[in-house]
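Let me begin by presenting the structure, written as structure tokens, before commenting on it.
Nothing in this text is a laboratory measurement; each read-out follows from the coordinates by a stated rule. Every value quoted in this text rests on a predicted model; they were computed, and no experiment measured them. When we count neighbours, we look across all protein chains shown, and the Cβ atoms used for this are built from the backbone with ideal geometry, even at glycine.
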Amino acid sequence: MSSGFLADGSTVLITGGASGLGAAVVTAVARAGARPVVLDRKPPGDGVPWIECDLADTRAAETATRELAERSGGLDAVVTAAGIDVPGKLADVPGETWDRIVAVDLLATAAVVRAALPYLLASRGTVVTVASTLGVKAVSDATAYCAAKFGVVGFTRALAAELAGQVGVTLLIPGGMRTPFFDDRDDQYRPGPDAALNEPADTAAAVLFALSQPAGCAVRELVVCAQEESSYP
């Protein structure tokens, strides 16, 4: 991808590519003629190359990233779409659960990008990190998720400054989407039937837009949400 465009045969590593936004990005990348590869705990669809990885183990995430890169002959882009949340009051969420949310959502983002950097520098590639509207607005019962996603915002802005002129860096701030992200929650933390949610394919299209910019053109930040999204300020 040295030209700056997502080209046929470009390799894009996607974390969380087995479901939700990650799966939508896998589909969009493949349709664009590029090659998706995935890190996840579950297999992605359609025979997409992948490595099973618990992203909460950040050293394992680094090793798996390097292994996928070597198998693929390098990397042209990374999209950190993996994310989890278990809402609840700080006093009620077990410490190990709170820590795991931050590990998967923030620390693994940094770990995967760190391990991918040599390959992205070689290809002059692109990183797209996935934060959340709750990375710019805090709400009750989401201390771990907000801490992690606010962290992704700060990490990505600093990374963009650090890698300017070497690797493209885009911060994606999505609102709620119609994905399994909400499935295992208590009813009080699930969107209602009339909730304004985006389709993940539409958010994935924004990721493709960022990946397809010509050399020297940086899309620094993208906010993609339903027009009536209530969690964005």
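Just add up the charged neighbours of residue 165: K/R +1, D/E -1, any other residue whose Cβ is under 15 Å from the Cβ of residue 165.
On the way: positive: 124, 220; negative: 162.
Taking every Cβ under 15 Å from that of residue 165, the sum is +1.
Give the lysines reachable from residue 137 as a straight Cα distance under 21 Å; neighbours fewer than 8 places away on the same chain don't count.
89, 149
5 Å is the cut-off here: which amide hydrogens, built 1.01 Å from N in the peptide plane, fall below it relative to residue 170, excluding neighbours closer than 5 in sequence?
127, 128, 129
Let me know the Kirkwood hydrodynamic radius for the range 70-150, please, with Cα pairs as the basis and the value in Å to one decimal.
Working: mean 1/r = 0.0725 Å⁻¹.
About 13.8 Å for the range 70-150.
Within a 10 angstrom radius of the beta carbon, how do 132, 212 rank from fewest other beta carbons to most?
Going from sparsest to densest Cβ surroundings: 212, 132.
So what is the calculated 222 nm ellipticity per residue for the chain, using -39500 (n - 2.57) for each DSSP H run with n of 4 or more, over all residues, to the nearest 500 deg cm²/dmol?
Details: 6 runs with 84 residues, N = 233.
Rounded to the nearest 500, the figure is -11500 deg cm²/dmol.
Under the Karplus relation 6.51 cos²θ - 1.76 cosθ + 1.60, θ = phi - 60°, what is the ordered set of whole-Hz ³J(HN,Hα) values for the range 48-62, x standing for Gly and Pro?
5, x, 7, 10, 6, 7, 8, 5, 5, 8, 5, 5, 5, 5, 5
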